[in-house]
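Trainee: Just dropping this structure here.
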Amino acid sequence: MALTDKKVYDNKSGFELQDLRDENIHMVCFKGADFHGVDMRDTSLTHVNFVNSRWEHIYFSNVHINMAQLGGTVFENIVRPDAPESHFSEEPGTDGWVNVEPVTFKRSDLSTAIFENCELVNVDIRNCNIDGLCIDGILIKDLLEQYHKAKG
């Protein structure tokens with residue numbers, strides 16, 4: 001069932017798309033829906049429920065997420081582009097578009113999170129509560145206390 005009779009053609013691959021640009025869609029149920037080839041640039045999602053959803057091959061750069069509950073969520077095979085700097089020579093989600101800006105977590109509760117086999121080179125942790133934070137079973141707070149005693 002089509003949501004609209006308006007059509008637009010994707011310039012890159014020639015697919016015919018239902019044209020919902022600038023539409024306001026309220027109180028909709030997409031339970032069990034399958035979205036493929038969806039262009040959601042500049043979209044705002046508010047009060048959205050993604051419980052048990054599955055996302056694959058997502059271009060998720062320059063996205064701002066505020067007030068998200070992520071309990072039980074698994075982030076797997078997350079990569080950063082291998083480039084010396086960001087460049088926006090093409091639109092997001094197309095070949096050639098690269099964003100290597102850092103991922104930032106602000107005022108977030110990541111307690112009990114597990115980072116397993118992750119690349120954490122040049123990670124910068126600032127002004128954070130690190131009670132119980134362990135790396136390979138070693139309490140980081142204890143290491144920092146020893147460091148400051150030796151330094152002082």
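Trainee: P(r) for the range 23-84: what percent of alpha-carbon pairs falls in each 5 Å bin, starting at zero?
Mentor: All Cα pairs considered, the percentages come to 3, 8, 23, 26, 25, 8, 4, 2, 0.
Trainee: Pick out, in residue order, every one of the GluC sites (Glu not before Pro) in the range 47-152 that is DSSP loop and has at most 12 other C-beta atoms within 10 Å; say none if there are none.
Mentor: Glu56, Glu76, Glu85, Glu90, Glu116, Glu119
Trainee: Which is the longest part of the chain that has none of the trypsin sites (Lys or Arg not before Pro) sitting in a DSSP loop with at most 16 other Cβ atoms within 10 Å?
Mentor: Longest run free of exposed loop sites: 55-105.
Trainee: Between helix 140-151 and the chain, what is the angle of the helix's C-alpha long axis to the longest principal axis, kept within 0 to 90° and rounded to the nearest 10?
Mentor: Approximately 50 degrees, to the nearest ten.
Trainee: Which aspartates and glutamates, on any chain, are close to Lys7 with Cα under 17 Å apart, when same-chain ones fewer than 8 places away are left out?
Mentor: Straight-line reach from Lys7, under 17 Å: Glu16, Asp19, Asp22, Glu23, Asp39.
Trainee: Here's another thing I want to ask about it. Rg (Å, one decimal) plus Dmax (Å, integer) for the alpha carbons of the chain?
Mentor: Rg and Dmax of the chain, Cα atoms, are 21.0, 72 Å.
Trainee: Right, next: May I ask you to derive the FRET efficiency for Asn77 and Phe30 from their Cβ-Cβ distance with R0 = 30 Å, giving the value to the nearest 0.05?
Mentor: That pair, Asn77 with Phe30, gives E of 0.75.
Trainee: Helix-only estimate, please: 222 nm mean residue ellipticity of the chain, summing -39500 (n - 2.57) across DSSP H runs of length 4 or more and dividing by its residues, to the nearest 500.
Mentor: My calculation for the chain gives -2500 deg cm²/dmol from helical runs alone.
Trainee: Then there is this: What's the longest uninterrupted piece of the chain once you rule out the chymotrypsin sites (Phe, Trp or Tyr not before Pro) that are loop residues per DSSP with at most 12 other Cβ within 10 Å?
Mentor: 116-152
Trainee: Any number yet on Rg/Rh for the range 94-152, C-alpha, Kirkwood?
Mentor: Here Rg/Rh amounts to 1.07.
Trainee: Longer than 29 Å from Cα to Cα, which of Lys106/Lys141; Lys31/Lys106; Lys6/Lys31 are they? Say none if no pair is.
Mentor: Lys31/Lys106
Trainee: Modelling each spin label as a point 7 Å along the Cα-to-Cβ direction, I'd like the Trp55/Glu119 distance in nm, to one decimal.
Mentor: Between Trp55 and Glu119, the simple spin-label model gives 2.0 nm.
Bear in mind that the values in this text are calculations on the coordinates, not laboratory data. Nothing here was measured: the structure is a model prediction, and the numbers come from that model. Using ideal geometry, Cβ is built from the backbone for each residue, glycine included, and neighbour counts are taken over all protein chains shown.
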